[in-house]
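Take a look at the structure below.
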Amino acid sequence: MFAAALQSAPPDLAPALFALGAFVVFAFALGAVGSAVARRLSNPVGKYRLLYTVVLFPFALLAFGVLALLGFGGAVAAAVLGRTSGPAATLLTDSAALLGASVVGLAAYAPTIRGVRAVRGVDLSTGRALARMARYVVGVSAVVTAVLAPLRLGPGVTPLGLVGVFAALLVAGFVGAPWLVAALRSTVTPDASTRERIERRRDRAGLDVRDELVFDTDDEETAAVYVRGPPGYRRLFVTTTFLDRFDDEAATALLAAEAGTVRARVDALRVVTVVATAVPLVAAVSGTGRRWLLLGAAFGTLLVGFWLTRRGVRAADDWAADRVGADTLADALDRYAEVHALEPTRRRVPNPLSTTVALGDRIDRLRYRGD
C-alpha cells in the first residue's frame, strides 16, 4: 500500500525547478563563452552560425530530454491543476516541458546577441532580438504541442505507425509552411510599388509564386529570400534588407537561385530523406531484429539523401546560371556574403552530413563555369 501511495504521488516541483534553473545558468555561461570564442576566430559570422546549430540548439534539446525525464511538465501540471492525468494535464505537461527547454535556449542565445552586433556592425537591440526569438520559440512549442496531442491522448501507436504519423506531420508542415511561417514571424504585405518591384524581378528570374510577404529586418540586416508551400500555393518571403541592399541584377539572380531550388525540389528531398531514414532507424531501436543491419541502412539512407540534396543545390545553381548568367549569380552570392559580413567557406572534401554546398564552393563553381 505504501509503495502504491508513492507511485500515485504527484511529481515534486522543487527539484524540477532547480534543474531548470541549473540549465538556464549553464546555458547562459555556454552562450557567453561560445560567443567570446566565436568573436576571436576567423570568419566570426560563420562561427556564430556553427555555434547556434552545433552547440546551443543541441544543448536546448538535451535540456528538454532531461527535464522530461525529471518530470518537469508533470510537476507543473500537478502544481497548477492538482493532477497529472486527463487531457488538460497532458497538454500542460507537454507544453511546460517544451517551454522550459525554450527558456534554456533563450538563455543561451541572449549573451551571443552583443557579439553578433559587434562582428556584423548592426544596430541590433538585445531586447528586440530576444522578443522576436521568444515569439518564435513559443510559437514552435505551441505547434509541437498541438501535433503531439493526438498521439498523447489517443490509444497509442506502434513504432512504425509512429513513423507514419511523423511522415504525415512533415508533409503537413511542408504544405502548411506558407501559413506557419507567417504565424511565427511578423510579416507585412508589400505595398503596390514594392510588390511591382518584386514581381518584375521574379518574372525575370523565372520564379512563379502566388503571393509575397515581407519581414522587417532593418535592425539585424538579414537579407533572406525563400519560397515555401506546395505547387499551386507557393509563397515568397523576402526581408526588407533584401529589398534595400541588392540592386535589380543581384536580387534577380538570388531569386533565380531560389527558383532553381524549387525546380530541383531541394526541400522535398530533405523531407523524404528524414522520413526514409526514420523507417530503418525506428525498426532498429524497437528491436525488430538485425539491429546493426538496420542502423547501417539508416545511415546509408541518410548519406544518400544528403548527397542528392547537395546535388539538387548544384542543379539549382546551374538552372539559375542559365537564366541570368553564371558570373552574375556568382557576383550576387558574393554580395550576399558581404551584406552578412560572412566569409564564403570552401571545402576540399564535401561534408557528407550537410544538406547544402559551401557558399565559397558554389561561387568558385560558377566562376569556373563562367570562364
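The values are calculated or read from the model by the stated rules, or taken from the named source; none is laboratory data. This structure is a prediction, so every number in the text was calculated from the model and none was measured. Positions of Cβ are generated from backbone atoms using ideal geometry, with glycine treated the same way; all protein chains shown enter the neighbour counts. Protein only, heavy atoms only, side chains kept; ligands, DNA and RNA dropped before computing areas. Shrake-Rupley method; radii C 1.70, N 1.55, O 1.52, S 1.80 Å.
Data overview
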{"quantity": "Given (1) more than 23 Å from the chain's Cα centre (by Cα); (2) farther than 18 Å from ALA107 by Cβ; (3) surrounded by fewer than 22 Cβ atoms within 10 Å (Cβ to Cβ), number of the condition VAL45 does not satisfy", "calculated": "(1)"}
{"quantity": "The one condition in (1) open to solvent by less than 60 Å² (accessible area, probe 1.4 Å); (2) within 21 Å of GLY34 (Cβ to Cβ); (3) in contact (Cβ under 8 Å) with a residue 60 or more places away in the chain; (4) of a type in the set (A, V, I, L, M, F, W, C) that ILE113 fails to fulfil", "calculated": "(3)"}
{"quantity": "Criterion: open to solvent by 10 Å² or more (accessible area, probe 1.4 Å) and either among the aliphatic types (A, V, I, L, M) or over 19 Å from ALA358 (Cβ atoms) (or both) - qualifying residue of LEU329, LEU302", "calculated": "LEU302"}
{"quantity": "Of all residues in the range 20-37 being touching a Leu at 6+ places or on another chain (Cβ under 9 Å) and farther than 13 Å from ALA108 by Cβ, the one that is most open to solvent (accessible area, probe 1.4 Å)", "calculated": "VAL37"}
{"quantity": "Residue within the range 134-141 that is farther than 20 Å from VAL54 by Cα, assigned by the TED database to the domain that holds LEU62 and either open to solvent by 50 Å² or more (accessible area, probe 1.4 Å) or touching a residue at least 60 places away in the same chain (Cβ under 8 Å) (or both) present", "calculated": "yes"}
